[in-house]
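K.L.:
Below is a structure I'd like to ask you about.
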Amino acid sequence: MLLSLPNILTLSRIVIIPLLLASLYLPGKLASWVPLGLFVAAGITDFLDGYLARLYGQTSKLGRFLDPVADKLLVASALLVLVGVNRISGWDLIPATIILCREIMVSGLREYLAELRVGMPVSKLAKWKTATQIFALCFLLGGPAVAQYIDAIQIGEVLLWIAGLLTVWTGYDYLRLGLRHMMEDGPPSHG
C-alpha cells in the first residue's frame, strides 16, 4: 500500500519540507509567495489523502502512521525556519515553543497509549487549534509579500498566540487522558 495515491500524497508533505525551507531564502517576494504556495499545497494534500483513502477503501496502518507524522514534521519545520528568518522572534517564541513541545508530548502519549490499545481521538478543540495554527503559519509565511497592504505578520503573530493558548488547553486534555491510563495497575514497563 506504500504506493497508493493517499500514501503518495502523505509522503509529498514530507518531500515538500526541504523545498519549503529553501524557498524562504529566494529573492524578494518569491521568499513569501513560494513558501506560502507550498504550505497551502501541503495542506490540500492533507485533506485529500484522508478523503481519497476513505473513498477508495485504501486506509492502511502505514497511512495512519504517516499522516500525523507528516503533519507534525511540516508544522515543526515551518515554525523553526520562520524563527531562522526572524518572522517569529521575541515573545512570539513562546507560543511557537509551546506548539512544538505539545506535539512531542502528544506523540509520546499516542505511542504509550497504543501499547495499551487505547485510542486518543482528536477533539473538536484540537481541530480548531490546528486550523488556527495553519492560518498563523500561512500569514507568517506569506506576510512580507503583502506588507504594503496589510500587516499579515502581525495577524500571524496574533493567531500564533491563539494557537498557543489552544495548544495548552488541548495538550492538558490529552495529558489528563494519558495520565488516567498511566495510573492504572499493570502498565507496560520500559525502564
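The values are calculated or read from the model by the stated rules, or taken from the named source; none is laboratory data. As the structure is a prediction and not an experimental result, all values here were calculated from the model. Neighbour counts are summed over all protein chains in view; Cβ atoms, including those assigned to glycine, are modelled from backbone coordinates with ideal geometry. Ligands, DNA and RNA are excluded from the accessible area calculation, which covers all protein heavy atoms including side chains. Shrake-Rupley method; radii C 1.70, N 1.55, O 1.52, S 1.80 Å.
K.L.:
If I ask for residues that are over 17 Å from the mean Cα position of the chain (by Cα) and under 27 Å from Ser32 (Cβ atoms), which ones from the stretch 46-91 would you list?
P.N.:
Gly84, Val85, Asn86, Arg87, Ser89, Gly90, Trp91
K.L.:
Let me ask you something else. Of everything in the stretch 124-158, what is in contact with a Ser or Thr (Cβ under 7 Å, 6 or more places away or on another chain) and open to solvent by 40 Å² or more (accessible area, probe 1.4 Å)? Give them in sequence order.
P.N.:
Filtering the stretch 124-158 down to residues in contact with a Ser or Thr (Cβ under 7 Å, 6 or more places away or on another chain) leaves 125-126, 129, 141-145.
Leu125, Pro144, listed by residue number.
K.L.:
Take the residues in the stretch 108-123 that are in a helix (DSSP H, G or I) and either open to solvent by 50 Å² or more (accessible area, probe 1.4 Å) or more than 25 Å from Ile17 (Cβ to Cβ) (or both), then tell me which one is modelled with the lowest pLDDT.
P.N.:
For the stretch 108-123, the residue satisfying everything is Ala114.
K.L.:
All but one of (1) at pLDDT 90 or above; (2) in a helix (DSSP H, G or I); (3) surrounded by 14 or more Cβ atoms within 10 Å (Cβ to Cβ) hold for Arg87; which doesn't?
P.N.:
Here Arg87 clears every test but (2).
Residue-by-condition table, conditions (1) part of a helix (DSSP H, G or I); (2) farther than 27 Å from Leu165 by Cα; (3) in contact with a Pro (Cβ under 7 Å, 6 or more places away or on another chain):
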| position | (1), (2), (3) |
| --- | --- |
| Ser12 | yes, yes, no |
| Ile16 | yes, yes, no |
| Ala41 | yes, no, no |
| Asp49 | yes, yes, yes |
| Gly63 | yes, yes, yes |
| Asp67 | yes, no, no |
| Val83 | yes, no, no |
| Ile99 | yes, no, no |
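K.L.:
I'd like the full set of residues that are under 23 Å from Leu80 (Cβ atoms), touching a residue at least 12 places away in the same chain (Cβ under 8 Å) and open to solvent by 40 Å² or more (accessible area, probe 1.4 Å), limited to the stretch 55-67. First the steps, then the outcome.
P.N.:
Of the residues in the stretch 55-67, the ones under 23 Å from Leu80 (Cβ atoms) are 65-67.
Restricting the remaining residues to those that are touching a residue at least 12 places away in the same chain (Cβ under 8 Å) gives 66-67.
Passing the criteria: only Asp67.
K.L.:
Please enumerate the residues belonging to the stretch 3-54 that are under 16 Å from Cys138 (Cα atoms), touching a residue at least 24 places away in the same chain (Cβ under 8 Å), of a type in the set (Gly, Ala, Ser) and surrounded by fewer than 20 Cβ atoms within 10 Å (Cβ to Cβ).
P.N.:
Hits for the stretch 3-54 are Ala31, Ala41, Gly43.
K.L.:
Could you check Leu166 against (1) at pLDDT 90 or above; (2) under 26 Å from Ser32 (Cα atoms); (3) out of contact with any Leu (no Cβ under 6 Å at 6 or more places or on another chain); (4) not β-branched (Val, Ile, Thr) and say which number it fails?
P.N.:
With respect to (1) at pLDDT 90 or above; (2) under 26 Å from Ser32 (Cα atoms); (3) out of contact with any Leu (no Cβ under 6 Å at 6 or more places or on another chain); (4) not β-branched (Val, Ile, Thr), Leu166 is out only on (2).
K.L.:
For the stretch 98-107, what are the residues that are open to solvent by 40 Å² or more (accessible area, probe 1.4 Å) and modelled with pLDDT of 90 or more?
P.N.:
Answer for the stretch 98-107, where residues must be open to solvent by 40 Å² or more (accessible area, probe 1.4 Å) and modelled with pLDDT of 90 or more: Ile98, Leu100, Cys101.
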